Amino acid sequence: MIIVLRPDAAPEAAQQILERIEAAGLKPLHMPGSERVVLGALGDERVLAELQLESDPRVESVKPILAPYKLVSRELHPHDTIVRIGGMAIGGGRFEVIAGPCAVENREQLRNTAVAVKAAGASGLRAGAYKPRTSPYGFAGHGPAGLKLLREVGDETGLPVITEVMDTADLDIIVNHADALQIGARNMQNFALLRAVGKTRLPVVLKRGMSAKIEELLLAAEYLLAAGNEQVVVVERGIRTFETATRNTLDLNAIPYIKQKTHLPVLVDPSHGTGIRDFVAPMALAAAACGADGLLIEVHENPAVALSDGAQSLYPHQFEALMATLRPVVKAVGREL
Ligand code: PEP
Ligand code: MN
């Protein structure tokens with residue numbers, strides 16, 4: 001519920017009403033605005049109804065939050081959230097590009113790729129030390145050794161590093177090495193992981209599950225916010241449809257939808273969204289045009305020998321060309337790259 005106080009309500013009214021909400025076992029929220037004090041109450045709406053706040057003379061209106069997700073909803077929080085990862089400000093009118101190889105393979109591969117993407121204008125480095133693989137025989141990442149390399153290369157290049165966490169057991173070591181945590185498509189509804197990551201203070205890059213509805217993605221984000229972490233970026237990375245020509249179907253409808261329904265920023269991952277190198281650049285341009293706050297792109301110094309996702313990874317010169325073609329598109333939609 002959203003509770004708007006009357007403009008003439010005494011300053012202590014907000015605190016007193018919040019205490020009543022909390023005493024009823026609901027989660028109280030305080031959102032002081034420039035004109036009106038707005039309060040929130042999350043939990044069982046029948047309990048809230050019993051409080052009869054609409055008959056409190058200090059209350060102007062009580063309205064339900066219609067969306068199933070509450071903290072993530074624009075109804076409760078109309079202004080855009082800006083997620084800061086290192087020097088990046090995702091969601092604040094800038095267009096941020098995070099790039100890197102699918103996996104940390106070795107120091108040279110990671111460093112060469114990082115130096116190339118930075119020179120081309122990327123502002124974040126993303127690479128996996130823990131990789132979810134469909135086959136148990138696939139390269140699953142170097143784990144702690146990969147994290148160490150990622151941290152070193154991040155420090156050397158000045159790029160903030162983002163890496164995937166798949167298991168709560170690895171969370172501490174990953175938190176100690178990374179600037180932001182990725183939750184991958186396969187774990188979007190791993191609720192124990194969402195709760196644990198929500199308790200950290202690192203920004204989170206949450207990818208849409210391959211068969212998840214947008215509402216389910218936003219409810220997964222709600223878990224992170226409900227656990228206390230508001231620095232959440234959601235990612236459209238393509239979904240499974242009847243179409244098999246491409247690895248996934250990149251759902252760009254999701255971008256204006258997410259921007260309308262939530263205050264969280266949204267990135268597009270055209271690498272996993274298409275699975276095919278040649279389609280990454282056109283879909284990256286489309287993502288910028290339809291209002292995404294940035295991109296996640298896989299780049300490898302030599303995709304032909306990549307240990308994972310080589311077919312969708314750009315060569316460094318292709319990434320550089322993409323950044324050059326992106327600039328006028330980003331500018332045309334009123335953003336800065
Ligand atoms: C990845 O980012 O390399 C990855 C495994 O992505 P997703 O979780 O979207 O499949
Ligand atoms: Mn990948």
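No lab work stands behind these numbers, since they all come straight from the coordinates. It should be emphasised that the depicted structure is a prediction, and the values quoted were computed from it without experimental measurement. Don't worry about glycine lacking a Cβ; one is built from the backbone with ideal geometry, like all the others, and counts go over all protein chains shown.
I'd like the per residue volume of the convex hull spanned by the Cα atoms of the chain, given in cubic angstrom. Please report the intermediate quantities before stating the final value.
Values: hull volume 46.9 nm³, N = 337.
Value for the chain: 139 Å³ per residue.
Figure the gain on full extension for GLN15 and LEU66 (residue separation times 0.36 nm, minus the Cα-Cα span) and round it to one decimal in nm. Display every interim value, and only then the final one.
On the way: separation 51, 0.36 × 51 = 18.36 nm, distance 2.48 nm.
Between GLN15 and LEU66, full extension yields 15.9 nm more.
Express the relative contact order of the stretch 83-332 as a whole percentage, based on alpha carbon pairs under 8 Å and six or more residues apart in sequence.
Numbers: 546 pairs, mean separation 48.6, N = 250.
Across the stretch 83-332, relative contact order equals 19 percent.
Work out which chymotrypsin sites (Phe, Trp or Tyr not before Pro) in the chain are exposed loop sites (DSSP not H, G, I, E or B, at most 13 other Cβ within 10 Å) and give the longest gap free of them.
It runs 1-136.
Return the calculated 222 nm mean residue ellipticity for the chain, to the nearest 500 deg cm²/dmol, obtained by summing -39500 (n - 2.57) across DSSP H runs with n ≥ 4 and dividing by the residue count.
-10000 deg cm²/dmol
Given the stretch 2-63, what whole percent of its Cα pairs are spread farther than 19 Å? Please list the in-between numbers first.
Details: 341 of 1891 pairs.
Within the stretch 2-63, distances greater than 19 Å cover 18 percent of Cα pairs.
What is the order of SER308, SER313, fewest Cβ neighbours within 10 Å to most?
Going from sparsest to densest Cβ surroundings: SER308, SER313.
Which longest run of the chain has no exposed loop site in it, a site being GluC sites (Glu not before Pro) in a DSSP loop with at most 10 other beta carbons within 10 Å, and the site itself not part of the run?
Values: sites that count: GLU12, GLU35, GLU243.
Counting at most 10 other Cβ atoms within 10 Å as exposed, the longest clean stretch of the chain is 36-242.
What does the charge count around HIS142 come to, taking other residues whose C-beta lies under 11 Å from its C-beta (Lys +1, Arg +1, Asp -1, Glu -1)?
Charge balance in the 11 Å sphere: +2.
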